[in-house]
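The values are calculated or read from the model by the stated rules, or taken from the named source; none is laboratory data. Since we're looking at a predicted model, the values are computed, not measured. Here the Cβ positions follow ideal geometry from the backbone for every residue, glycine too, while neighbour counts run over all protein chains shown. Keep in mind that these areas ignore ligands, DNA and RNA; they rest on the heavy atoms of the full protein, side chains included. Shrake-Rupley method; radii C 1.70, N 1.55, O 1.52, S 1.80 Å.
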Amino acid sequence: MTALVFVEHDNAEVKDATLATVTAAKTFGDVHLLVAGSGCASVGDAATKIDGVSKVLVADDALYEHALAEELANLVIGLADSYDAILAPATTTGKNFLPRVAAALDMAQISDIIEVVSEDTFKRPIYAGNAIATVQSSDAKKIITVRATAFDKASAEGGSAAVETISAAAGSGVSSFVGAELSKSDRPELTSAKIIISGGRGMGSGENFALIDAVADKLGAAVGASRAAVDAGFVPNDYQVGQTGKIVAPELYIAVGISGAIQHLAGMKDSKVIVAINKDEEAPIFQVADYGLVADLFDAVPELEKAL
Amino acid sequence: MKVMVPVKRVVDYNVKVRVKSDNTGVELANVKMSMNPFDEIAVEEAIRLKEAGKVEEIVVVSIGPKAATETIRTGLAMGADRGILVEHDDEIHPLAVAKILKGIVGEENPDIVLLGKQAIDDDCNQTGQMLAQLLGWAQGTFASKVEAEDGSLNVTREVDGGLETVKLNLPAIVTTDLRLNEPRYASLPNIMKAKRKPIDEKTAADYGVDATPRLKTLKVEEPAAREAGIKVESVDELVGKLKEKGLI
């Protein structure tokens with residue numbers, strides 16, 4: 001059996017979520033990767049080195065520069081015949097295009113898997129992670145998005161896969177890219193950071209996130225936020241950790257002024273160690289925290305920064 | 001223009017769901033049900049497009065048990081014009097839902113199908129994209145802003161790296177994210193008025209769709225519980241513990 005894994009990238013580097021997806025794909029046997037992008041030769045090269053991969057398909061075409069769902073889907077649909085499983089990381093890119101592939105093949109998609117039980121049986125969270133369903137697929141091919149935090153990353157080195165250049169599929173012409181406002185930061189990305197410090201509604205304002213930033217700079221940490229902080233406009237949407245934001249599982253997660261709504265816990269409760277700083281000792285976040293500090297964050301966070 | 005808004009009846013987002021003791025699913029008996037919050041945002045956005053003079057008619061569609069009529073009425077009370085209930089009592093998954101919706105699109109010919117990016121029960125995040133593929137339409141998923149122009153839509157999307165804007169030829173599919181808008185509450189007069197708005201009743205068979213799920217749920221379990229740890233008294237004690245563990 002052979003699995004095709006969609007490589008998440010920015011036309012320069014392979015994103016870590018890809019490595020976890022490769023691990024999940026190994027269950028199916030042989031693993032091929034698909035790099036679709038524009039000017040993405042460096043991504044193709046890096047992909048050949050990923051451990052456990054036997055072939056890398058590279059479609060380098062302007063059509064794929066912005067990963068439009070309609071175009072990615074057409075490309076993958078054209079390749080599907082050769083594969084028993086098609087997997088993508090459950091990123092906003094993977095979630096965007098893969099259901100189109102499943103629909104075109106008249107097959108179900110299994111979203112956001114956290115465990116491969118066997119070649120046709122998978123575990124996935126439902127109800128914002130409040131329940132875990134074990135589902136069995138009767139379709140001929142398994143179309144899957146993978147929750148990256150639930151799988152170990154395949155090594156990015158040690159592989160020596162062959163590259164096969166493939167041509168672009170016909171363009172659909174129904175949508176076009178207008179522009180993007182992507183957050184620029186020197187800090188690590190939330191989904192691959194070893195340490196994350198997140199702020200919630202308790203931060204009170206966007207300016208006060210400077211307190212969090214200062215600690216993050218000392219720790220080399222990524223900065224996140226709860227939905228409440230994003231909805232209040234303190235920080236942009238891409239900071240959001242939670243069921244409908246990013247799912248993270250760092251070595252250390254520091255939650256500051258976050259009460260711990262189910263929605264938020266669903267996005268971070270698999271972190272190795274959780275620290276909560278909150279002045280309300282009844283806050284639900286303390287029920288999942290390894291170390292809880294009941295304190296006013298406006299005292300505790302500057303003190304923490306000094307102590308590091 | 002005409003907008004179709006598919007809505008799903010789900011366990012209310014304030015309900016703490018419990019897994020059934022026989023592990024066949026979650027407890028749904030005597031649990032408050034509501035419109036999926038992302039779908040409520042979709043209804044609201046459709047109404048705003050109508051209020052802005054871009055849209056003439058809003059059709060709300062639900063696929064589910066008879067009780068989903070209430071969910072449609074909620075959309076009608078918010079300001080939608082009429083409803084379609086596709087009565088289906090058994091479990092139904094996104095692919096079959098998308099096929100039924102395709103059948104309805106064939107009859108209704110909407111310019112835009114606006115729906116939630118995911119339902120908060122099965123968390124699949126598939127239906128809009130699948131429908132777009134089945135129809136050969138463009139899609140703008142996870143929308144935080146929708147601007148209607150002549151013959152096209154500009155949709156700003158919440159993506160992992162920030163925001164992205166795409167231009168979609170019409171007809172098109174838009175799926176909503178949390179920050180697109182804040183849905184209104186229906187006023188009492190509008191709730192009364194909604195009772196007189198028409199709701200057509202259909203079944204999956206009317207659209208020639210076999211709604212048998214391709215995925216079988218073998219069991220549903222509680223997630224592994226995380227034990228609460230300890231309270232520390234000071235920042236110094238916290239830093240000491242984290243250093244002890246080699247975390248910082």
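Here are the numbers:
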| read-out | value |
| --- | --- |
| Share antiparallel - DSSP beta bridges, segment A:2-165, percent rounded to 5 | 30 percent |
| Protein accessible area in the protein assembly as shown, 1.4 Å probe - carbon and sulfur % | 47 percent |
| Whole-angstrom gap from segment A:1-36 to segment B:168-186, using each part's C-alpha centre | 32 Å |
| Amide hydrogen neighbours beyond the local backbone of residue A:180, cut-off 5 Å, H modeled | B:165 |
| Accessible area per residue, Å², segment B:1-87 with all protein chains present, probe 1.4 Å | 40 Å² |
| Built amide H within the under 5 Å cut-off of residue B:218, gap 5+ | A:134, A:135, A:136 |
| Chain-alone versus full-assembly comparison, segment A:273-301, residues with accessible loss of at least 40 Å² (1.4 Å probe) | A:290, A:291, A:292, A:293 |
| Projected label distance in nm at residue A:84 and residue A:138, using a 7 Å step from Cα toward the beta-carbon | 2.0 nm |
| Inter-probe distance in nm under a simple model that places probes 7 Å from Cα toward Cβ, at residue B:18 and residue A:296 | 4.1 nm |
| Sequence-distant lysines (8 or more away, or on other chains) whose Cα lies within less than 16 Å of residue B:219 | A:123, B:20 |
| Radius 13 Å from Cβ of residue B:93, net charge of other residues (Lys, Arg +1; Asp, Glu -1) | -3 |
| Surface accessible to a 1.4 Å probe, per residue, for the residues of segment A:195-307, Å² | 35 Å² |
| Heavy-atom accessible surface that B and A bury in contact, both chains counted, 1.4 Å, Å² to 100 | 6500 Å² |
| Contour excess over end-to-end distance, with Cα ends at residue A:185 and residue A:65 and 0.36 nm allotted per residue | 41.0 nm |
| Filter on A:272/B:117; A:218/B:241; B:16/B:117 - keep pairs with C-alpha separation over 24 Å | A:272/B:117 |
| Given charges at Cβ of Lys, Arg, Asp, Glu: chain B dipole, positive-most of B:208, B:37, B:220 | B:37 |
| Which of A:285, A:271, A:295, positive extreme of dipole for segment A:195-307 (C-beta unit charges) | A:271 |
| Amide proton proximity set for residue A:117, modelled H, under 5 Å, gap of 5+ | A:122, A:123 |
| Those residues of segment B:141-182 whose amide nitrogen sits under 15 Å from the label point placed on residue B:51, 7 Å along Cα→Cβ | B:146, B:180-182 |
| More than 22 angstrom apart: percent of Cα pairs within segment A:2-165 | 35 percent |
| Convex hull of the protein assembly as shown built on C-alpha atoms - directionally averaged projected area, nm² | 24.7 nm² |
| Within segment B:192-248, GluC sites (Glu not before Pro) in DSSP loop having at most 13 other beta-carbon neighbours inside 10 Å | B:227, B:233 |
| Extended-chain gain in nm, criterion 0.36 nm per residue less alpha-carbon gap, residue A:170 and residue A:306 | 43.2 nm |
| Solvent exposure of segment A:22-162 as accessible area per residue, Å², 1.4 Å probe | 30 Å² |
| Spin-label pair residue B:205/residue B:154, simplified geometry with 7 Å Cα→Cβ offset, distance in nm | 4.9 nm |
| Whole-Hz ³J(HN,Hα) from phi, Karplus 6.51 cos²θ - 1.76 cosθ + 1.60, for segment A:162-170, glycine and proline x | 7, 9, 10, 7, 10, 8, 5, 6, 4 |
| Entries of A:49/A:269; A:269/B:243; A:49/A:142 with Cα pairs more than 27 Å apart | A:49/A:269 |
